[in-house]
Amino acid sequence: MVARYNPQQIDQKWQQKWAEDRLYEVTEDSPKPKYYALTMFAYTSGDFHIGHWYAMAPPDVQARFKRMQGYNVLHPMGFDAFGLPAENAAIKRGIHPYTWTMQNIDNMRRQLKSIGAIYDWSREVITCLPEYYKWTQWFFLKLYQHDLAYRGKAPVNWCPQCQTVLANEQVIGGGFCERCGTAVTRRDLEQWFFRITRYADELMQHEGIDWPERIKIMQKNWVGKSYGTEISFALDHPGADEREIRVFTTRPDTTFGVTFMVLAPEHPLVAKLTSPERRAEVEAYIAKSQRQSEIERLSTEREKDGVFIGAYVTNRLNGEKVPIWIADYVLLGYGTGAVMAVPAHDERDFAFARKYNLPIRVVIAPPCWPGGELEEAYIDEGVIVNSGQFDDLPSQQGIEAVTQYLEEKGWGRWAVSYKLRDWLISRQRYWGAPIPIVYCPDCGTVPVPEEDLPVLLPEDAEFRPTGESPLKYNQKFVNTSCPRCRGPAKRETDTMDTFMCSSWYFLRYTCPGLSTAAFDAQKLNYWMPVDLYTGGAEHAVMHLFYARFFIKALRDMGLVNFDEPFKRLFNQGIIVAEKQKMSKSRGNVITPDAYVSELGADAVRAYLMFIGPWEQGGEWDDSGLSGLSRWLNRVWRLVLEKYEQKIPDLVLRRMAGEQADKEIEKAQRALSRLSHQTIRKVTQDLERMRLNTMLAALMEFTNYLTKVKEAGSVTLPVWQKSIDTLLLLLAPTAPHLTEELWQRTGRDYSIHNQPWPSWDEELAQDEEITLVIQVNGKLRDRKTIPASTPTSEYVELAMESERILAYLKGRENVRPPICVPGTVNFVVR
Ligand SMILES: [Zn+2]
Ligand SMILES: [Zn+2]
């Protein structure tokens, strides 16, 4: 009897040993090629649930595989520790965000260690520690020096009653102040931006990187580049110096169909242009729109409304007076904050015109249009009508002709428009890295000198949200001296968006703890770019976009020598429980700890990969986990229970006759074939992150080995070699179990330092047999097929033969074709 498989004991034993031996620590002086396997670091909001394991365990399997393949693998882990969720959780519990965050990190690190991953913990980064955010602040200064950081106005929530800025979560019930119930308005506040729009074009390009198509598309859409025409409408209004309002359109061919213009309610011209009799209504509308978030304003679900402001512009192409409206679906930050409305050819404008009885003029003829009113907007291209000299031109030519004409007249030009706006990084919150800027009454805005970094986040500050930056009330923090003139000055009191911390954390792993610089260029350029980055697809636009911007900016500053941070990106799916996404409110959160302590880390790791294709996710099911655990137990016994060759060895066999020799040879050839096929399958599946089919192949191999063992049909050395192969292939998935079995079968420590097995294409080739095809018992054709072809595929293969088809033509099957290994027989009349 062999000892029982005891994962609890084995997991702990090996985790300790690996840590003591620093088995997974890596350096830059290795002769092996480097491989940087990065998993999105963990947000420190609390406990890990099984979804985190799902994000962490499969990449560890891949990293271990690369390591055995002979790469110098960096697979680090750290904690994204600043930001609102941690701050809010701390507020709820009445403890300091630092205390709360560090407690979580201790717990999460313990949980992560129980995965048995190859994380090199000596490289851990924690973004809320001064030794890290000092460099986040340094990056801010670099961006500032290169004119990529600037101060500008951006709206915040404002309570006119309390006279204060409100955080988003202080705005309740769809737009009311949490404290006094007054309707919240928006107000512009000076905040810091990064000039990400300067990189808009480059950020749309994904050349040379292997990323999922849908992420690339999401990033392109986020940039939202469109080619079109800027058209100037003439303005002649007493009290306004402006002589024009410019709009951007991709359809200048419809300009004769403009029947009104819409401005964003916050457009600076609105106040100047509104007529006295319209003023009350306009102001009420503006106040209402200020209570809406941008998302609400842009929602396609919502019925659009607006008000006429009592002023007009002139459409220079036809000299018509066009009434000006305001509507909150137009945003000031996008384009020019003004749009020309062509109701006949735009769905939104059509609905708006119907609602307010504005004229709808057809200028692109729909196919077979009888000339009457439209039932709905016709948005496709067509032939231009009702447009003077441009009549009868197809849309495309019309776009060219109209724009050219506008250019000649000086009324417009070809233009490009982007949806992307600069990155607003100011947060009026406590739990973030302070922005390293000082305001001096004499010198103005002064960056904190590099040698004075970090600007420490004071621990004794009020951290509850006031909407305004809590640091404002910390006199010790606010009052400082000007780095330039040494006179009294005040610090910037906003903190930085945490997406700034996560835009460079992967650089810090290459030189953790370095106190003299953010990174060591030599080490950085050795490891970067990341070879494989894994994480959730929900980061398609924010994090993944900002990190690319960072690298491109650093490259232009001459600080890094590559263009893209992440060469290959892979997004995992989501683990659901009871058919729903796990959440604390639904009460369906699966926590890994209990499962791990019951069945061991390896069973949980394996089950997560077996649940379905990794990029698709799957449903957590306890019985599935037990199944995987049973399999690992079978592997345990298969390896440790004594192997007995039941057929005498070859020498004796020779005396017994040739027939027996052939039996052994056949069995060994079959086993060798499956071994090589399994190595090939597992290797290829690991490369492609097909982890579920990789495991299926290993299970099949286990089943086969079980049969071989029962039959005792191969020699002991052949048996042992097959067991070695099984253990090596299983090592990335079940690192603890395989290490234990490797040791117990007398192999050298550590299995994780062994080279990955290779396969021989020739030996992996399927043996071929002849398929005999009969019709009514008579041989009619032969076909060479792989020996492993299941009999269920015989009929289809036979029907590929012209000769057989000829025999079967016009006949009827009396009974289903009979398939036995090597033969198929059609019974027909
Ligand atoms: Zn209030
Ligand atoms: Zn000064």
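Every residue in the range 514-553 that is among the hydrophobic types (A, V, I, L, M, F, W, C) and part of a loop (DSSP other than H, G, I, E, B), please. Those that are among the hydrophobic types (A, V, I, L, M, F, W, C) and part of a loop (DSSP other than H, G, I, E, B): L514, A517, A518, F519, M528, A540, V541, M542.
Restricting to the range 175-215, give me the number of residues that are under 18 Å from F549 (Cβ atoms), in contact with a Phe, Trp or Tyr (Cβ under 8 Å, 6 or more places away or on another chain) and either within 16 Å of ligand 1 (Cβ to nearest atom) or polar (S, T, N, Q) (or both). Of the residues in the range 175-215, 1 are under 18 Å from F549 (Cβ atoms), in contact with a Phe, Trp or Tyr (Cβ under 8 Å, 6 or more places away or on another chain) and either within 16 Å of ligand 1 (Cβ to nearest atom) or polar (S, T, N, Q) (or both).
Among the candidates V385, V330, V363, V339, the residue that is under 20 Å from T229 (Cβ atoms) and surrounded by fewer than 22 Cβ atoms within 10 Å (Cβ to Cβ) is uniquely V385.
Looking at the range 159-170, is at least one residue in a strand (DSSP E or B) and more than 16 Å from ligand 1 (Cβ to nearest atom)? No, every residue in the range 159-170 fails to be in a strand (DSSP E or B) and more than 16 Å from ligand 1 (Cβ to nearest atom).
Per this entry, L524 is not counted among residues that are away from ligand 2 (no atom under 16 Å from the Cβ), touching a Pro at 6+ places or on another chain (Cβ under 7 Å) and more than 30 Å from R179 (Cα to Cα).
One residue stands out among those in the range 283-317 that are surrounded by fewer than 14 Cβ atoms within 10 Å (Cβ to Cβ), of a type outside the set (V, I, T) and assigned to a loop (DSSP other than H, G, I, E, B): the one that is farthest from the chain's Cα centre (by Cα), which is E303.
Listed here are the residues, each with its yes/no results for (1) open to solvent by less than 50 Å² (accessible area, probe 1.4 Å); (2) farther than 22 Å from L424 by Cα.
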| residue | (1), (2) |
| --- | --- |
| P470 | yes, no |
| K476 | no, yes |
| P488 | no, yes |
| M500 | yes, no |
| S515 | no, yes |
| F519 | yes, yes |
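Remark: R279 falls outside the filter, which requires a residue to be assigned to a strand (DSSP E or B) and on the phi < 0 side of the Ramachandran plot. Considered as a group, the residues in the range 107-151 that are small (G, A, S) and open to solvent by less than 10 Å² (accessible area, probe 1.4 Å) include one that is farthest from ligand 1 (Cβ to nearest atom), and that residue is G116. Criterion first (free of Cβ contacts under 8 Å to residues at least 40 places away in the same chain and more than 30 Å from S226 (Cβ to Cβ)) does D442 satisfy it? In short, no. Which residue pairs have Cβ atoms under 8 Å apart, sit 6 or more places apart or on different chains, and have a first residue in the range 174-200 that is assigned to a strand (DSSP E or B) and a second that is within 12 Å of ligand 1 (Cβ to nearest atom) and open to solvent by 60 Å² or more (accessible area, probe 1.4 Å)? Within 8 Å, the pairs are C177/Q161; A183/F176.
Looking only at strands (runs of 3 or more DSSP E) that fall completely inside the range 775-829, which ones have 1 or more residues that are exposed (fewer than 12 other Cβ atoms within 10 Å of the Cβ)?
Output list reads 778-786, 813-820.
The residue of the range 107-162 that is nearest to ligand 2 (Cβ to nearest atom), among those that are small (G, A, S) and under 28 Å from the mean Cα position of the chain (by Cα), is A149. Kindly indicate the residue of the range 93-106 that is assigned to a helix (DSSP H, G or I) and either among the polar types (S, T, N, Q) or at pLDDT below 90 (or both) and also surrounded by the most Cβ atoms within 10 Å (Cβ to Cβ) among those meeting that condition. Across the range 93-106, the extreme among qualifying residues is T101.
Every residue, every condition in (1) at pLDDT 95 or above; (2) part of a loop (DSSP other than H, G, I, E, B); (3) small (G, A, S), yes or no:
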position	(1), (2), (3)
Y36	yes, no, no
S45	no, yes, yes
G51	no, no, yes
P59	yes, no, no
R64	yes, no, no
R67	yes, no, no
P76	yes, yes, no
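Scanning the range 404-458 for residues that are modelled with pLDDT of 95 or more, open to solvent by less than 40 Å² (accessible area, probe 1.4 Å) and among the acidic types (D, E) returns no hits.
Among the residues examined, R93 does not qualify as over 30 Å from S426 (Cα atoms) and free of Cβ contacts under 8 Å to residues at least 40 places away in the same chain.
Just give me the residues in the range 769-820 being of a type in the set (K, R) and modelled with pLDDT under 90, in sequence order.
Selection gives K809, R811, R815.
Can you pull out every residue in the range 464-518 that is within 16 Å of ligand 2 (Cβ to nearest atom) and in contact with a helix residue (DSSP H, G or I) (Cβ under 8 Å, 6 or more places away or on another chain)?
Taking the range 464-518 first, the residues within 16 Å of ligand 2 (Cβ to nearest atom) are 478-492.
Once the filter is applied, which keeps residues that are within 16 Å of ligand 2 (Cβ to nearest atom) and in contact with a helix residue (DSSP H, G or I) (Cβ under 8 Å, 6 or more places away or on another chain), the range 464-518 yields V478, P483, K490, R491.
The residue that is nearest to A149 (Cα to Cα), among those in the range 210-220 that are open to solvent by 20 Å² or more (accessible area, probe 1.4 Å) and touching a residue at least 12 places away in the same chain (Cβ under 8 Å), is K220.
Note on the range 606-647: residues that are outside any loop (DSSP other than H, G, I, E, B), surrounded by fewer than 21 Cβ atoms within 10 Å (Cβ to Cβ), within 29 Å of the chain's Cα centre (by Cα) and among the small types (G, A, S) total 3. Confirm whether V718 is over 44 Å from the mean Cα position of the chain (by Cα), over 24 Å from L532 (Cα atoms), of a type in the set (V, I, T) and surrounded by fewer than 20 Cβ atoms within 10 Å (Cβ to Cβ). Taking the combined requirement at face value, the residue satisfies it.
A count restricted to the range 525-538 and to residues that are within 22 Å of I196 (Cβ to Cβ) and either modelled with pLDDT of 95 or more or buried (at least 19 other Cβ atoms within 10 Å of the Cβ) (or both) stands at 5.
The values are calculated or read from the model by the stated rules, or taken from the named source; none is laboratory data. Predicted, not measured: the structure shown is a model, and the values here were computed from it. Backbone-built Cβ (ideal geometry, glycine too); neighbour counts: all protein chains shown. The protein model used for the area step is the full one, side chains on, heavy atoms only, and it has no ligands, DNA or RNA in it. Shrake-Rupley method; radii C 1.70, N 1.55, O 1.52, S 1.80 Å.
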